[in-house]
Amino acid sequence: MLEEIIKWDKELFLFLNIKHTGWLDTVMPALSSYWSWIIVCLIIIVMIFFKGRVKNILATLFFLFSLAVSAFITNLVKFIVQRPRPIHSDWDSTIHAIEKNSDSFSFFSSHSATAFAMSVFFLLFYRVNKIYGWIAIIWAILVAYSRIYVAKHYPLDVICGIVCGIAIGIVGYKIFSYYEEKDRELLARDPYAN
């Protein structure tokens, strides 16, 4: 069963990876870059912090904590599973690899997990005006696809990263909401508590 899944994963990777055009060869590495991630992360942090809610610092901290959890979990799983990246395969000459060198492992995609953790937390935080959250989700989808495009991940790596990121984003936001509600209850009982 596992062999069939891995075979399907490699075939889907090859199908998706060969769908490339010249202009995307510039766009996809930019989407995959850490600079892109840092810029989007800073924009989201600023938007969370200045949204006008009472506990923006708390929200910002839980947002950052969710990202740290995502990075920790993905790196732990990569260390345990140690699946080689597609660019380290026997059919290296067949694939369209834009970024060739990498010492890390493939399963599962940290870029996908972290981008979705960020975006889902942000979508839930901006639940009144969800357009910003949906823009972040579209960005996360593009980042996830870029990992296949640049030949750093198989589709299954990306799918598992997305699922993990969504779960972390939801849990991180739910924990933040719990503490925010507790703080509101405290303020309702004692307005001078803060």
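The values are calculated or read from the model by the stated rules, or taken from the named source; none is laboratory data. This is a predicted model, so every value here is computed, not measured. Glycine gets a Cβ as well: all are built from the backbone with ideal geometry, and neighbour counts include every protein chain shown. The accessibility values were calculated without ligands, DNA or RNA, using every heavy atom of the protein model including side chains. Shrake-Rupley method; radii C 1.70, N 1.55, O 1.52, S 1.80 Å.
For this structure, a couple of remarks:
- With eigenvalues of the C-alpha gyration tensor scaled by 5 and rooted, segment 1-72, Å: 36, 20, 9
- Note on Tyr34 and Glu185: with the Förster distance fixed at 30 Å, the Cβ-Cβ geometry gives a FRET efficiency of about 0.15.
- Residues in segment 153-171 reached by a label modelled at Leu142 [backbone nitrogen below 13 Å; 7 Å Cα→Cβ]: none
- Split the chain at each of the trypsin sites (Lys or Arg not before Pro) in a DSSP loop with at most 16 other beta carbon atoms within 10 Å, and the longest piece is 131-194.
- Cross-link pairs exceeding 24 Å in C-alpha to C-alpha distance, out of Lys78/Lys130; Lys51/Lys78; Lys51/Lys174; Lys10/Lys174, comprise Lys78/Lys130; Lys51/Lys78; Lys10/Lys174.
- Rounded FRET efficiency, nearest 0.05, which uses the C-beta distance separating Ile135 from Asp25 and R0 of 30 Å: 0.80
- Comparing Asn56, Asn129, Asn75 in a Gaussian network model of the chain where C-alpha atoms under 10 Å apart are linked, the largest mean-square fluctuation is found at Asn129.
- Sequence-separation-based contact order of the chain, relative, with Cα cut under 8 Å and 6+ spacing, percent: 28 percent
- Within the listed set Val27, Val158, Val120, the residue fluctuating most in the Gaussian network model of the chain (springs between alpha-carbon atoms under 10 angstrom) is Val27.
- Percent carbon-and-sulfur accessible area, the chain, ignoring ligands, DNA and RNA, probe 1.4 Å: 70 percent
- Calculated FRET efficiency for the pair Ser102/Lys10, C-beta based, R₀ 25 Å, to 0.05: 0.90
- Comparing Phe63, Phe79, Phe13 in a Gaussian network model of the chain, where Cα atoms under 10 Å apart are tied by springs, the biggest mean-square fluctuation is seen for Phe79.
- Accessible surface, the chain, averaged per residue in Å² (probe 1.4 Å): 56 Å²
- Crossing angle, helix 2-17 versus the chain [Cα axis fit, 0-90 degrees, rounded to tens]: 90 degrees
- Rounded tilt (10° steps) of 110-125 against the dominant C-alpha axis of the chain: 30 degrees
- Rounded to the nearest 20, the size of the Cβ-charge dipole of the chain about its Cα centre is 540 debye, with Lys and Arg at +1 and Asp and Glu at -1.
- Contour excess over end-to-end distance, with Cα ends at Leu76 and Lys51 and 0.36 nm allotted per residue: 5.6 nm
- A simple count of charges around Lys78, restricted to other residues whose Cβ falls under 14 Å of its Cβ and scoring Lys, Arg +1 and Asp, Glu -1, yields +2.
- Accessible-area order (highest first, 1.4 angstrom probe) of the listed residues Tyr34, Tyr149: Tyr34, Tyr149
- Taking Cα atoms only, the orientation of helix 56-81 departs from the longest principal axis of the chain by about 30 degrees.
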